[in-house]
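What follows is a set of notes on a single structure, which appears directly below.
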Amino acid sequence: MFIPFITLVVSPLFIEAQGGINCTNSQFQPHQIEFSVNHLPIDLNRDVTTYELEKKLSGKLLNRAAKDNHGKTVISSGMSKYNSWIISGTGHGDVKTNLDIEFLSVPQDPKNTKYCILFKQIKLSVDYQTKMTIAKELDQDSCEFGAIMNHEMQRHDAYTKVVEDVSKELKASLPVAINIMGHSYVGGKRLPGAYKEMTQSVQDYIAGYRQQMLDLMKEYNKVIDSEEELDKLAASCKHKMIEESDMLHHDGDPDVKPADGAKDYFSKFRDKKK
């Protein structure tokens, strides 16, 4: 359940030619990259009904497939039992990258007919946000809400770690990759096209790391939403379940309460709604 999205912004490409730099000895340095990772607040959606979520998710659970040794599809058994309150929450990770490039065009002959194009400065930010949906029928003080919350916070914590780890790899490798993307001896008429080619090369390089984030999130998702974990979730509030969209509310002290980080966030959300 991922909704991948990417934003790329390129600064004006027409940079005045400047002298004093030789293409053969110019090396892009790490300090020429401004790199940041931003974790945005959790985006919570409470406007969806249990029925709508069950309709969306139960089919995916029923048809969850595994590949046998012969490559044939085998339907996982027992998934139909999850037509209860545990299909009342879902989440996904949203990763955006924002890129800003400044170029330097260096004349290579007295008549300024040929240029060496260098990356002068690169600004790159990776923005991550967890988006959660929890059915609006679930009371925020109930055992069921707390159990769903803990489950979705596991997803949030895993995705956050993925973004941090892969971003560190990207930051370390980007200066090395940049050094092979420059253009030497480009004719003046080819400058705009060369800028676009270099920009596309950087975009493609970053996109590879972004895809790595999404792939790792999917792998974590398989564990978080495994039958074993869903069984634990189903048992966390014992017999308290939703059947056919009818809510059975918790009457006493909940067996499961929201994770510490989640309690702070959702108390703010509750206050905001008042």
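Remark on residue 138: its backbone amide H falls under 5 Å from none of the residues 5 or more positions apart or on other chains, H modelled at 1.01 Å from N.
Calculate the FRET efficiency for residue 150 and residue 190 from the Cβ-Cβ distance with a Förster distance of 35 Å, rounded to the nearest 0.05. Can you show the working numbers first?
Values: r = 57 Å, r/R0 = 1.64.
Calculated value: 0.05.
Between residue 114 and residue 51, what is 0.36 nm times their sequence separation minus the Cα-Cα distance? Round to one decimal in nm.
On the way: separation 63, 0.36 × 63 = 22.68 nm, distance 6.55 nm.
Here the answer is 16.1 nm.
Pairs with C-alpha atoms separated by more than 20 Å, drawn from the list 56/96; 96/218; 131/161; 131/222; 168/222, are 56/96; 168/222. The string of couplings for region 152-168 from the Karplus curve (6.51, -1.76, 1.60, θ = phi - 60°) is 6, 5, 4, 5, 4, 5, 5, 5, 4, 5, 4, 4, 4, 5, 5, 5, 4 Hz, one whole number per residue in order, with x for Gly and Pro. Take the Kirkwood radius over Cα pairs of region 89-214, plug it into Stokes-Einstein at 10 °C and 1.306 mPa s, and you get 90 µm²/s for translational diffusion. Applying the Karplus relation 6.51 cos²θ - 1.76 cosθ + 1.60 with θ = phi - 60° to region 139-149 yields 3J(HN,Hα) values of 6, 5, 9, 8, 4, 5, 4, x, 5, 4, 4 Hz, where x marks Gly and Pro. Computed from backbone phi, the HN-Hα couplings of region 28-39 come to 6, 9, x, 5, 7, 10, 9, 10, 9, 10, 10, 9 Hz, rounded to whole numbers (Karplus: 6.51 cos²θ - 1.76 cosθ + 1.60, θ = phi - 60°; Gly and Pro given as x).
Every read-out reported here was derived from the displayed coordinates using simple, explicitly stated rules and does not represent laboratory data. Computed from a predicted model, the values in this text were never measured in an experiment. No Cβ is skipped: glycine too gets one built from the backbone with ideal geometry, and neighbour counts run over all protein chains shown.
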